[in-house]
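S.K.: I am attaching a structure below and will ask some questions about it afterwards.
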Amino acid sequence: MPENQPELQVAPQDTQEAPMKTVSSHEIKSQRFSIVEDQILVHGQIRPYSYVKIKQGVCILPFYQGKIALSREYRYPISSYQWQLPGGIIDPGETPLVAGMRELREETGLITTAEDMIDLGWFYPSYGSTNEQIYLFAAHVREQVNPEQEVSEVMDLYFKSEDEIRQMIAHNEFCHAAGLAALLKYWTKRQLGEL
């Protein structure tokens with residue numbers, strides 16, 4: 001594995017003893033997700049706790065010819081088209097970096113190299129209800145080819161300036177959690193002189 005590919009990571013663990021203990025656990029597997037229904041011991045009482053188990057994923061902030069590439073995709077759970085950055089699930093055996101380059105090419109047809117990927121870290125979108133962890137990258141795109149979208153993906157590609165995206169965020173037009181996290185991390189690292 002090349003040196004610049006980050007390993008899959010997890011959040012640092014507290015050194016204190018966990019205040020919640022699993023008494024029993026039941027997992028209901030679906031196609032893409034699992035629902036975990038646990039009984040936990042907390043404050044001396046047994047209580048139910050359920051959450052959604054989701055595989056680790058990636059989100060890419062792609063720069064191409066001075067613009068940021070966004071897709072507008074129909075999202076079935078909320079029955080509407082939404083603006084978003086490319087991304088997807090990390091396949092077994094893939095590093096986050098390789099998954100990011102693959103997802104970018106498949107969804108948008110945008111091609112980049114490992115050297116042109118910038119590691120922005122990772123985040124948990126909603127750790128009260130899911131264990132999902134998403135790795136974030138910025139990418140300097142070298143070329144564009146035809147995408148290889150899945151049959152369930154209904155999306156089109158657009159190119160927007162950073163100012164246009166800021167306006168979209170301010171007016172609640174861009175609501176993609178992983179995209180917002182990637183943009184915030186990128187803009188913050190740039191402001192701190194880390195890019």
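S.K.: Please verify whether GLU115 is acidic (Asp, Glu), modelled with pLDDT under 95 and outside the structural domain of ILE35 (by TED's automatic domain parsing), treating the condition exactly as stated. Let's see the steps before the verdict.
M.R.: Details: acidic (Asp, Glu): yes; modelled with pLDDT under 95: no; outside the structural domain of ILE35 (by TED's automatic domain parsing): yes.
Criteria not met by GLU115.
S.K.: Suppose the filter is within 20 Å of PRO125 (Cβ to Cβ) and out of contact with any Asp or Glu (no Cβ under 6 Å at 6 or more places or on another chain); does LEU61 pass it?
M.R.: Values: within 20 Å of PRO125 (Cβ to Cβ): yes; out of contact with any Asp or Glu (no Cβ under 6 Å at 6 or more places or on another chain): yes.
Answer is yes for this residue.
S.K.: Now, a different point. Restricting to the range 107-160, and then to whatever is hydroxyl-bearing (Ser, Thr, Tyr) and in contact with a strand residue (DSSP E or B) (Cβ under 6 Å, 6 or more places away or on another chain), can you tell me which residue is farthest from LEU61 (Cα to Cα)? Explain how you work it out, then say what you get.
M.R.: Going residue by residue through the range 107-160, those that are hydroxyl-bearing (Ser, Thr, Tyr) are 108, 112-113, 124, 126-127, 129-130, 135, 152, 158.
With the extra rule that they be in contact with a strand residue (DSSP E or B) (Cβ under 6 Å, 6 or more places away or on another chain), the set shrinks to 108, 112, 129-130, 135, 158.
Values: THR108: 12, THR112: 12, SER129: 25, THR130: 23, TYR135: 11, TYR158: 13 Å.
Checking each candidate, the answer is SER129.
S.K.: Hey, among the residues in the range 135-167 that are among the aliphatic types (A, V, I, L, M) and surrounded by fewer than 16 Cβ atoms within 10 Å (Cβ to Cβ), which one's modelled with the highest pLDDT? Quick ask: steps written out before the conclusion?
M.R.: As a first pass, look at the range 135-167 and keep what is among the aliphatic types (A, V, I, L, M): 136, 138-139, 141, 145, 151, 154-155, 157, 165.
With the extra rule that they be surrounded by fewer than 16 Cβ atoms within 10 Å (Cβ to Cβ), the set shrinks to 145, 151, 154.
Numbers: VAL145: 89, VAL151: 68, VAL154: 76.
Result: VAL145.
S.K.: Which members of the range 61-105 meet the condition of being of a type in the set (S, T, N, Q) and assigned to a loop (DSSP other than H, G, I, E, B)?
M.R.: If we filter the range 61-105 for residues that are of a type in the set (S, T, N, Q), which is where we start, we get 65, 71, 79-80, 82, 84, 95.
Across the range 61-105, the qualifying residues are GLN65, SER79, THR95.
S.K.: A further question follows. Give the residues of the range 25-48 that are under 18 Å from PRO125 (Cα atoms) and surrounded by 13 or more Cβ atoms within 10 Å (Cβ to Cβ), sorted by residue number. Lay out the reasoning, then the answer.
M.R.: Just the residues of the range 25-48 that are under 18 Å from PRO125 (Cα atoms), to begin with: 32-36.
Within the range 25-48, PHE33, SER34, ILE35, VAL36 meet the criteria.
S.K.: Of all residues being touching a Gly at 6+ places or on another chain (Cβ under 6 Å) and of a type in the set (A, V, I, L, M, F, W, C) in the range 49-89, which is surrounded by the most Cβ atoms within 10 Å (Cβ to Cβ)? Just the residue, please.
M.R.: Checking each candidate, the answer is ILE60.
S.K.: Any chance the range 99-121 includes a residue that's within 30 Å of TYR49 (Cβ to Cβ), in contact (Cβ under 8 Å) with a residue 40 or more places away in the chain and surrounded by fewer than 21 Cβ atoms within 10 Å (Cβ to Cβ)? Before the answer, list the steps.
M.R.: From the range 99-121, those within 30 Å of TYR49 (Cβ to Cβ) are 99, 121; that's our starting set.
Remaining after also requiring in contact (Cβ under 8 Å) with a residue 40 or more places away in the chain: 99, 121.
Keeping just the survivors that are surrounded by fewer than 21 Cβ atoms within 10 Å (Cβ to Cβ) gives 121.
Scanning the range 99-121, I find at least one residue that is within 30 Å of TYR49 (Cβ to Cβ), in contact (Cβ under 8 Å) with a residue 40 or more places away in the chain and surrounded by fewer than 21 Cβ atoms within 10 Å (Cβ to Cβ), so the answer is yes.
S.K.: Somewhere in the range 11-20, is a residue at pLDDT 65 or above and assigned to a strand (DSSP E or B)?
M.R.: yes
The values are calculated or read from the model by the stated rules, or taken from the named source; none is laboratory data. Note that the structure is a prediction, hence the values are computed from the model and not measured. Using ideal geometry, Cβ is built from the backbone for each residue, glycine included, and neighbour counts are taken over all protein chains shown.
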